[in-house]
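Data block below; observations after.
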Amino acid sequence: MTHAAKKSRQGGFILVVVLGIILMLSVLLLSFNGTCRANLRSADTFESSAQALNTAKAGLNIAIAAIRNDNDVTSIADSSDDLAAKYTFDIDDTHCSVTITEENGRLNINTLKGSQGTLNRSAVDLFLRLIDTLNKPHSTSLISYGIVPAIIDWIDLDGEITSLPFINQTNLGAESDYYTALAPPYDCGNGPLNILEELLLIKGVTPDVFNRLRNVLTVYGDGKININTAPEQVILSLSENMDQAVARVLIERRKFEPFETIEEIKALPGITDDIYKTIEAAAVAKPANRYYRVASLAAAGSTGWQITAILRKNMANAAIDVILYQEFQAPGNQAPALTSTGNKTWQSDV
């Protein structure tokens, strides 16, 4: 082999090595570029997420201020599903929507049984009438009376299965033997519900049933229903003699001027002595403590945060306590379910 040929082969080998090195460097540069872009996107997402969370917190503070300054912050709307005050605002590129609903207008299912273990028959009867009211528009997928004894067994402290002899349909509750046989198994609550979504753990409460009950039930308050903020279905269930015409008269009256006392209901057309006595025992016009549910949802770019809080307002001194606080992250403006896990939750001991 001549010297020129040998030199040519060496030059070709060097060229291949150089091209290989260039190719490797190109791959590394592309990878580095991709990593940098991913980090930049991550930083943008983090900034948007932080902005959305801070805006959602601002929405909660706006709700607290509104509740502190206005005893009747929730509006009385025509729709029984829309008894709420709603606010929207923007901070830079972040949009926030705030909804405030009062819990006192709903039936507190934690009061179905008293602290001494005695059945609260008036609350149970109201709940049964409420189920009838909710079932009327439906010919199928009826809510079973059986959820009433099941809820009673969930909140009471004993291990005895509740049977309500005055119910002609399914009337048996369930204790831990029933729940531990499920997959996955869990124990019966044997205590008050902390959040309404806990109903989904109880025998007979399907997601469909829960969605139909969520706007008329609560787990907060002393059990007295605020006549000024109760949805129409709850008004209809206050007395077995209440009909829709009388309920609408009551709702129209409170829209014009909220009731100051329950006695004012006596003057309404259609309110008989029997109806009034039942309402007087179950309802109030001015609760000593008012409970509000606040949902503050903020979206920035492709990320969003929702804050859900339960606030208690002492009507004597206007003091507001946060008794439940939950944060949920969601893409954009999609509100996540309240039963999501892995999110920051704080709850007081009340």
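The values are calculated or read from the model by the stated rules, or taken from the named source; none is laboratory data. These numbers were taken from a predicted model, which means no experiment stands behind them. With ideal geometry, Cβ positions are generated from the backbone for all residues, glycine too; neighbour counts draw on all protein chains shown.
Considering 61, 39, the condition of being more than 28 Å from residue 189 (Cβ to Cβ) and either in a strand (DSSP E or B) or at pLDDT 90 or above (or both) is satisfied by 61 alone. Checked against the criterion of being under 21 Å from residue 169 (Cβ atoms) and not in a helix (DSSP H, G or I), region 99-108 has at least one qualifying residue. Counting only helices (runs of 4 or more DSSP H) wholly contained in region 176-281, the ones carrying 2 or more residues that are without any contact (Cβ under 8 Å) to a residue 24 or more places away in the chain, farther than 30 Å from residue 325 by Cβ and outside the structural domain of residue 158 (by TED's automatic domain parsing) occupy 244-256. In region 91-113, is there at least one residue being out of contact with any helix residue (DSSP H, G or I) (no Cβ under 9 Å at 6 or more places or on another chain) and surrounded by fewer than 20 Cβ atoms within 10 Å (Cβ to Cβ)? No, region 91-113 contains no residue that is out of contact with any helix residue (DSSP H, G or I) (no Cβ under 9 Å at 6 or more places or on another chain) and surrounded by fewer than 20 Cβ atoms within 10 Å (Cβ to Cβ). Among the residues of region 130-170, not one is aromatic (Phe, Trp, Tyr), outside any helix (DSSP H, G or I), over 14 Å from residue 210 (Cα atoms) and under 26 Å from the mean Cα position of the chain (by Cα). Only a single item in (1) buried (at least 19 other Cβ atoms within 10 Å of the Cβ); (2) of a type outside the set (Val, Ile, Thr); (3) without any contact (Cβ under 8 Å) to a residue 12 or more places away in the chain is not met by residue 135, and it is number (1).
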